[in-house]
1. From Leu219, Leu207, Leu147, Leu224, which residue is surrounded by fewer than 24 Cβ atoms within 10 Å (Cβ to Cβ), under 24 Å from Val277 (Cβ atoms) and out of contact with any Gly (no Cβ under 7 Å at 6 or more places or on another chain)?
2. Go through the range 17-33 and count every residue that is closer than 19 Å to Arg93 by Cβ and either near the ligand (Cβ under 6 Å from one of its atoms) or of a type in the set (Ser, Thr, Tyr) (or both).
3. Could you figure out which of (1) of a type in the set (Val, Ile, Thr); (2) surrounded by fewer than 24 Cβ atoms within 10 Å (Cβ to Cβ); (3) over 21 Å from Ser213 (Cα atoms) isn't true of Thr97?
4. Find all pairs meeting these conditions: Cβ atoms under 7 angstrom apart; at least six residues apart or on different chains; first residue within the range 90-106 and at negative phi; second residue more than 8 Å from the ligand (Cβ to nearest atom) and in a loop (DSSP other than H, G, I, E, B).
5. Which of (1) of a type in the set (A, V, I, L, M, F, W, C); (2) part of a helix (DSSP H, G or I); (3) surrounded by 22 or more Cβ atoms within 10 Å (Cβ to Cβ) does Cys124 not meet, given it meets every other one?
6. Looking at Ala85, Ala114, which one is within 24 Å of Gly55 (Cα to Cα), within 10 Å of the ligand (Cβ to nearest atom) and within 14 Å of the chain's Cα centre (by Cα)?
7. Right, Glu3: under 22 Å from Leu118 (Cβ atoms) and more than 12 Å from the ligand (Cβ to nearest atom) or not?
8. Give me the pairs, please: first residue somewhere in the range 133-154 and over 20 Å from Phe49 (Cβ atoms), second residue anywhere and within 9 Å of the ligand (Cβ to nearest atom) and of a type in the set (Asp, Glu), beta-carbon distance under 7 Å, and either six or more positions apart or on two chains.
Amino acid sequence: MTEAALMLGQLGEGAKLLAGGQSLIPLLKLRFASPEHLVDLNFIAGTSFIRERAGALRFGAMTRHAELENSPLAREIPMVHDCAAGIADVQIRNRGTIGGSLAEADPSGDWGNALLTLDTTVHCLGPKGARAIALKDFVKDAYTTALGHDELVSEVEVKIPPKGSGGAYLAFKRSAPVYPSASVAVQLTMAGDVCQEAAIALGCVGLTSIRASEAEDVLRGKVLSEINIATAAEAARAAGDPQPDMRGSAEYKRQLVVALVKRAIAIAVRRAHGEHVEGTHLYA
Ligand SMILES: Cc1cc2nc3c(=O)[nH]c(=O)nc-3n(C[C@H](O)[C@H](O)[C@H](O)COP(=O)(O)OP(=O)(O)OC[C@H]3O[C@@H](n4cnc5c(N)ncnc54)[C@H](O)[C@@H]3O)c2cc1C
C-alpha cells in the first residue's frame, strides 16, 4: 500500500486507484471518468483481512463485501454483517471492497451509512505518512472525502460496541442489483428497558449520510415505548432531505425512513438484549 501511495504521488492528479472496480469501471465505460493512469490495488498482498485487536475489528481496504458477509468474526458487530450481506448482488459483493466504497462516498452507498453509527476510523496512507480520520470527518460531501489526490484508504477500524449495545442496518431497495431507496442504521445501548445511548443514521436522503440527532435525543435516557419510538421516527423523517428520482418520490422516501427507523429500533433492542436476529436489506 505504501508503494501504491507513492505511485499516486508520482503520477499526479491524473492517476486513480482501482479496487473492486464496481463504481469506477461503470464510470470508465460511460466515459464519465478518463484517468491517465490506473494504480491497481488488486495484486498487493495483505490488503484484504478481518482482524480483531484491542476491542476493535480492523478491515483491510481491499476486503470484499462478500468476505465481510461470510466472516464469523465480522458478525461480532451485527450491523457489519447486515450491511455487507445486502449490498447489491453476489457478483458485486464478490468484487466490491469496503475501502473503495468509503472512498467513493456515494450518498446511496451502504458502508458510509451503517458505519456512521459506530465508532469508526478510516486509516489513510499518503506521502506524508499515515493518518487516522474519524468516519464523520472523512466524508465531506457527495462523492467527496478528506483524502488528498495522493492518499489512499489502507484500513477501516470499527470499535466493538459494549455489552448491552445492539444495532441494525436496514436498506429498502427495489431489487438486488440497485442502490437502496432509503437506508437506516440504528445502534442502541440498553439498560433493561431504558435506552442509555442512541445513534441513528439515514442514507439516500441527503448528499451525505445524516445523523438524526433529534431522533437520538428522543430515545436517549428513555424507556422505548411505542410513543417514544414513533416520535423518534418522525424526528428522523424531518432530518432527511430526499430528492425525487427513479427510486421514488421525496415523500415515499420520507415514509420509508419512518418505517425503517421503527423496524431497525426493534431489531437493535432485541440484539442489545442478547437475542440473535437476522435482519438485512428489504426488497419491494
Ligand atoms: C449495479 C451496481 C449496484 C450497486 N449497488 C450497491 C449498493 O446497493 N450498495 C452499495 O453500497 N454499493 C453498491 N454498489 C457499489 C459497490 O459497492 C462498489 O463496490 C463500491 O462502491 C466501490 O468499491 P470498489 O472496491 O468496487 O471500488 P472502485 O470502483 O474500484 O473504486 C471506487 C473509487 O474509490 C477509489 N478507491 C478505491 N479504493 C480506494 C482506496 N483503498 N483508497 C482510496 N481510494 C480508493 C477509486 O479510485 C475510485 O475513485 C453497486 C455497484 C454496481 C455496479
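Derivation of every value follows stated rules applied to the coordinates shown; laboratory data play no part. Keep in mind the model is a prediction, meaning the values are calculated, not measured. Here the Cβ positions follow ideal geometry from the backbone for every residue, glycine too, while neighbour counts run over all protein chains shown.
1. Only one candidate qualifies: Leu224.
2. So the count comes out to 8.
3. (2)
4. If the second residue must be more than 8 Å from the ligand (Cβ to nearest atom) and in a loop (DSSP other than H, G, I, E, B), the pairs left are Thr97/Thr63; Ile98/Thr63; Glu104/Tyr143; Asp106/Tyr143.
5. Unmet condition: (2).
6. When all the criteria are applied, what remains is Ala114.
7. No, not satisfied.
8. Final answer for the pair search is Tyr143/Glu104; Tyr143/Asp106.
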